[in-house]
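Okay, so here's the structure we're looking at.
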Amino acid sequence: PKWSKDMTPAAVFVGAMLGMLLMGRLGDTLGRTRALQVTLSLTVLGALIPACAAGSSDIVYGTVLFGRLVLGLGVGGIYPLSAVSSAEGCHEGSAKGKHVAQAFFFQTVGQVAPYLVAMLLLALFQPSTPAAWVPQLQFRLLFALGAIPALVVLLASLQAEDSEEFRSQHHLSTTVGFDRGVMKTLLGTAGTWCLYDLAFYGTTIFTPTILMRMCITGEVHPDGKCYQTLAQTSKQSALISAMGIPGCYAAVLLADRMGCKRLNTYGFLLLSAAFAGQAIAWMLVPEAHILQFVLFCILTMLLNFGPSLGTYVLPALCFPTTIRSTCHGLSSTGGKIGAVIGTLIFEPISDSPLGVPGVLWLQCITCVLGAVVSTAYLRHDWEYEQSPEMHSHLTG
């Protein structure tokens, strides 16, 4: 159905924003562990619902839409709760940032998994005679297998307890602490995350579309359109997504030495240069598809370096314990607002006379703004790694 094209991606983002806000708040009131169990349960449920879709096309896509909304609630809640739990689970104050960064690294690895699973399913189910049940089974398995990682973590969380740091502060009010200093810091964490996600989702979510326009392995027909198989697109998407792994790993190694503020600032500037280079190549040598593909791989690596890590880690360090999960949820919600904007602007601009270069130049400007916001509103990790009382003084 025509309505599903726009509504399905929107459902994920709406669910994610609600999950970040609600589960982030639950993390401060109910406790990190219990809130994490709730959000993981929603993630498992959201992965399984689309796999059970049946009936007319409207019912099938409606079921998928509902499943994506539930999945968004679950995955959105994982953002603040996993980050805060990782930070508070580390007993060395100076090592908290690195501990959160190491936990975040596996998200980058997980981004490659759907493409690999899709390639595996395409390879496994190849009947000699095309049959309608094959794609039906493939898409259901692709959804359902996504429940396994969340289910494993959910079962492990049943044996977990809240950290001593949280338990010692939980008796305090979870509404105190939103002073002017905290609000300024929140503006910095939410603002940089918003600008980063605008650039990230405005590019990566349309990776298959961009690859089709590059048409590296496909054939360009007389109508000007590129025709390549789903397997070819999946392989290229997996390769590009895998480029994010070394980028994120480099950020993890530099997290202690540079701190999240510098990772954000320098990362945004590098991204700005990468977007500019990609735009220039697209404008000046539009037929150089291999060059564009290499530049896009470099861009993807940089998208997973710097602000990809810094925007996630810093909110787990810079807020008082009693409102830490709530503030991380607010910060990540800012990110998803940027993601929605990035998702909505790509297609109209790329289909306009500005084309894909217009999108890339806009992303370049966005990243420059991200560097400015990071410099103006954020402090270094070691300035936040103090007692809550000192925190109020530093951010005020």
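Things to note:
- MRE, 222 nm, helices only [DSSP H, n ≥ 4, -39500 (n - 2.57), over the chain, to nearest 500]: -26500 deg cm²/dmol
- 13 Å beta-carbon shell around residue 330, net charge (K/R +1, D/E -1): +2
- Translational diffusion coefficient (Stokes-Einstein; Kirkwood radius from C-alpha pairs) of segment 241-396 at 20 °C, 1.002 mPa s, in µm²/s: 127 µm²/s
- Positive end of the dipole of the chain (Cβ unit charges, origin at the Cα centre): among 80, 234, 198, the Cα lying farthest that way belongs to 234.
- Taken over the chain, lysine pairs spaced eight or more positions apart, or on distinct chains, with alpha carbons under 25 Å apart number 15.
- Per-residue Karplus couplings for segment 16-22, computed as 6.51 cos²θ - 1.76 cosθ + 1.60 with θ equal to phi - 60°, are listed in order as 5, 5, 5, x, 4, 6, 5 Hz, Gly and Pro entered as x.
- Other residues within the sphere of radius under 15 Å centred on the Cβ of residue 15, judged by their own Cβ, net out at +2 (K and R +1, D and E -1).
- For the chain, the list of Cys residues with no other Cys C-beta under 4.7 Å reads 52, 90, 194, 248, 260, 297, 318, 327, 364, 367.
- For segment 254-261, Karplus couplings with θ = phi - 60° (6.51, -1.76, 1.60), whole Hz, Gly/Pro x: 8, 4, 5, 6, 8, x, 5, 4
- Each Lys and Arg adds +1 at its Cβ and each Asp and Glu adds -1 at its Cβ; summed about the Cα centre, segment 244-358 shows a dipole of about 540 debye.
- Shape category assigned to the chain from the gyration tensor of Cα positions, a/c cut at 1.5: oblate
- The relative contact order of the chain, computed from alpha carbon pairs under 8 Å that lie at least 6 residues apart in sequence, is 26 percent.
- Relative packing of peptides 180-189, 42-51 - highest average C-beta neighbours within 10 Å first: 42-51, 180-189
- Averaged over its residues, the chain has an accessible area of 45 Å² per residue, based on protein heavy atoms and a 1.4 Å probe.
- Debye-sum result for segment 183-300 in log10 I(q)/I(0), which assumes one identical scatterer on each alpha carbon, at q = 0.15, 0.18 Å⁻¹: -0.77, -1.01
- For residue 306, the residues whose modelled amide H falls within less than 5 Å of its own, excluding neighbours fewer than 5 places apart on the same chain, are 251.
- In this Cβ point-charge picture (+1 for Lys and Arg, -1 for Asp and Glu), the chain has a dipole of about 200 debye about its Cα centre.
- Taking θ as phi - 60° and the Karplus parameters 6.51, -1.76 and 1.60, the scalar couplings of segment 284-299 work out to 8, 10, x, 8, 7, 5, 5, 4, 4, 5, 4, 4, 5, 5, 5, 4 Hz in sequence order, x denoting glycine and proline.
- Taking the Kirkwood radius as Rh and the Cα radius of gyration as Rg, segment 89-199 has a ratio of Rg/Rh equal to 1.14.
- Accessible carbon and sulfur surface of segment 236-286 relative to its total accessible area, %, 1.4 Å: 72 percent
The values are calculated or read from the model by the stated rules, or taken from the named source; none is laboratory data. Worth saying up front: this structure is predicted, and the values here are computed from it rather than measured. Note that we place each Cβ from the backbone using ideal geometry, even for glycine, and neighbour counts take in every protein chain shown. The accessibility values were calculated without ligands, DNA or RNA, using every heavy atom of the protein model including side chains. Shrake-Rupley method; radii C 1.70, N 1.55, O 1.52, S 1.80 Å.
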